[in-house]
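Please read the structure below before turning to the comments.
The values are calculated or read from the model by the stated rules, or taken from the named source; none is laboratory data. What you are looking at is a predicted structure, and each value in this text was computed from that prediction instead of being measured. Because the Cβ atoms are built from the backbone with ideal geometry, glycine has one as well, and the counts that use them run over all protein chains shown. All accessible areas refer to the heavy atoms of the entire protein, side chains included, with ligands and DNA or RNA removed. Shrake-Rupley method; radii C 1.70, N 1.55, O 1.52, S 1.80 Å.
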Amino acid sequence: MENEKYTTESDIVEETALSHFGIKYLFPWQRLVISNILEAYEYSKLEQQMSEEEKKAYKNENRDSFCMGRQIVLLPTGAGKSLCFQIPAMLLDGPTLIIYPLLALMTDQQRRMQEAGLECVVFRGGQTEEERNILFEKINNGAKIILANPEVLASDRLLEKLCTYRIKHIAIDEAHTVSEWGNTFRKAYLETGHIIKKLNAPIITAFTATASPEVLENVSQILFEGQAHIVRSESDRPNIHYYVIKAAAKKKKVLELTVDEDKPMIVFCGTRHKAEDMAREINVFFGNQKARFYHAGLEKDEKEDTEKWFYESKDGILCATCAYGMGVDKKDIKTVVHLAPSLTAEAYIQEAGRGGRNGETAKAILLWSPQDSADFELYGKQSRQYSMKIFAETKNCRRQVLLDALGAEQAYCSGCDNCNPKKNMILSDWETALNLVKKYKNFYTKETLEEELRQLSRWNSIKKFGRDCWTHSDITEITSELLKCLYIKKGKFLWRNMLSINKKSKKRPVKIFRINSLFLI
């Protein structure tokens, strides 16, 4: 009898996946999560007919089934988390509320649902009462999916109205932001637990691709008061290959990567100003609209125009902050570059995971400078932030460092620059400067070293691009950073202002692999 029930449920799920989304095959983890949701809903209906004694006895005998109504699902980026709440939404006899952290993500999900022929409504800030009434009417007429963010749901008036629709399932996407953003600039996220209680939905599911044990525990406490069933698959994305490139003049290295690496490409820049500046520099150098920028400061129509352009582009370069990317489903991104490092390993995995969502190989390239090393040194070695320094500076497998930070599995490395090094390694800009100072101790002043580097960079730039793209300020950025971070020092007395290696620093010059190649930009 149980096998018959399972077969019937499985058939319905497969038919829904095919008819609404054109999906012929669901992965085992997707099936498990969907089954948990549907079984939990069946139990909630059964529970309404039970006495208190029967409920207690049932919970004692079916602890796992009871927990399934409150679950945290960890699936790697690109594993199809959205289907885990979209398919049940089609099968439940009431609306599903999906809580998203970003408007870009809500817009992307709305577009995808419309393409699949699904009726959904989106509540966002700034809507008039008339616009809201139209959305309520759509729910009355059978719209299955409601999209919103925590700030909108903080409205008591909207929350009271949604309570009347008896929502069956609440899904919180990118749930790690509940912990990471709720404690900083998105205080409304800490009220998500209150929203859940108020709506009194029988099923709550939190989804994320990245969460360390610490974040996972925090999410569980905020959303479920510590009582949640954990569903976790393997965290590794074998098709993403990790690389770290040492660079102080990072913008010039990005220009090189835009030529050398496959596209479409995302360059995560850290701040709005850097995103705009990087896109401008790419366009000035290449003389066309090759790149655009994206951040939270754009107007709604500007965001939508940029999202549409990048979604349709086959060779575009998007310079963005973390406002773009989380859950946005552009499947063919080939390269993800980090001009500025993410603050934690979880955030880096999430952002690097924008690449290769179609299953093809993608590169995740982190640019790492002496200043980055100094900045992350300030965090405690047991902190989540320090894991990024370990990742960038390890001689071991970079993939495993990331997985260890998540408390995840041991994995065979399918690709990272430490496990699969190139035979002819080329020194970075600051490694070249460091080795010149080491080889010719007390020979260079800051100015003469910069002139030497300027000539070398000019030669390599002309060789690569046919023209010189370096400026004096780019070179100054390299030497100033080495001095500031105590890699090199200025001499005194007889060697006044002459440069040498700072022996008191723990930093040591790197081994010279190909001094004749020096460095490329």
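If packing is taken as the average number of other Cβ atoms within 10 Å across a peptide's residues, how do 485-493, 272-280 rank, most packed first?
My ranking of the peptides, most packed first, is 272-280, 485-493.
Apply the Karplus curve 6.51 cos²θ - 1.76 cosθ + 1.60, θ = phi - 60°, to the phi angles in the stretch 127-140 and return the couplings in whole Hz, x for Gly and Pro.
Working through the residues one at a time gives 6, 7, 4, 5, 5, 5, 4, 5, 5, 4, 5, 5, 5, 4 Hz.
Hey, if we sort Trp459, Trp309 by accessible area with the 1.4 Å probe, largest down, what's the order?
Trp459, Trp309
Over the alpha-carbon set of the stretch 244-350, work out the extent along each principal axis and list the three values in angstrom, largest first.
For the stretch 244-350, the Cα extents along the three principal axes come out at 36, 36, 26 Å.
From the residues Ile333, Ala320, Met278, which one has its Cα farthest along the dipole of the stretch 262-410 in the positive direction, the dipole being from +1 and -1 charges on Cβ of Lys/Arg and Asp/Glu about the Cα centre?
Ile333
Quote the charge dipole size of the stretch 221-268 about the Cα centre in Debye, to the nearest 20; the model charges only the Cβ of Lys and Arg (+1) and of Asp and Glu (-1).
In debye, rounded to 20, the stretch 221-268 gives about 360.
Ranked from the most accessible area to the least, with a 1.4 Å probe and all protein chains present, what is the order of Tyr165, Tyr311?
Tyr311, Tyr165
Find, among the GluC sites (Glu not before Pro) in the stretch 325-424, those assigned to loop by DSSP (not H, G, I, E, B) with at most 16 other beta-carbon atoms within 10 angstrom.
Those satisfying the criteria are Glu360, Glu409.
Report the accessible area of Met498, computed with a 1.4 Å probe over the heavy atoms of all protein chains in place, in Å² rounded to the nearest 10.
Estimated to the nearest 10 Å², Met498 gives 40 Å².
Using square roots of five times the C-alpha gyration tensor eigenvalues, list the equivalent-ellipsoid semi-axes of the stretch 313-411 in whole Å, biggest first.
One finds semi-axes of 24, 16, 12 Å for the stretch 313-411.
Show me, bin by bin at 5 Å from 0, the whole-percent P(r) of the stretch 330-484 based on Cα pairs.
Result returned by the calculation: 1, 8, 14, 17, 17, 15, 13, 9, 4, 1, 0.
Determine the order of Tyr440, Tyr386, Tyr100 by accessible area, beginning with the largest, at a probe radius of 1.4 Å.
Per-residue accessible area, sorted high to low, gives Tyr440, Tyr386, Tyr100.
Give me a comma-separated list of calculated 3J(HN,Hα) values for the stretch 147-164, in order, Karplus coefficients 6.51, -1.76, 1.60 applied at θ = phi - 60°, integers in Hz, x for any Gly or Pro.
Listing the rounded values in order: 10, 7, 10, x, 4, 5, 6, 5, 6, 4, 5, 5, 4, 4, 5, 5, 4, 6 Hz.
How high is the FRET efficiency from Lys484 to Tyr311, r the C-beta distance, R0 41 Å, rounded to 0.05?
0.50
Please report the accessible area of Cys416 (heavy atoms, 1.4 Å probe, ligands and nucleic acids excluded) in Å², nearest 10.
So the heavy atoms of Cys416 present about 0 Å² to solvent.
What FRET efficiency comes out for Leu18 versus Arg132 if R0 is 30 angstrom and r is the Cβ-Cβ distance? Round to the nearest 0.05.
0.30
Tell me the accessible surface of Ile196 in square angstrom (1.4 angstrom probe, heavy atoms of protein chains only), to the nearest ten.
Around 10 Å² of this residue is reachable by solvent.
Among the listed pairs Lys250/Lys303; Lys300/Lys381; Lys422/Lys446; Lys334/Lys503; Lys251/Lys438; Lys290/Lys395, which are separated by more than 30 Å between their Cα atoms?
Violating the 30 Å limit, Cα to Cα: Lys300/Lys381; Lys422/Lys446; Lys334/Lys503; Lys290/Lys395.
Taking only protein heavy atoms and a 1.4 Å probe, what accessible area per residue, in Å², does the stretch 184-303 have with all protein chains in place?
43
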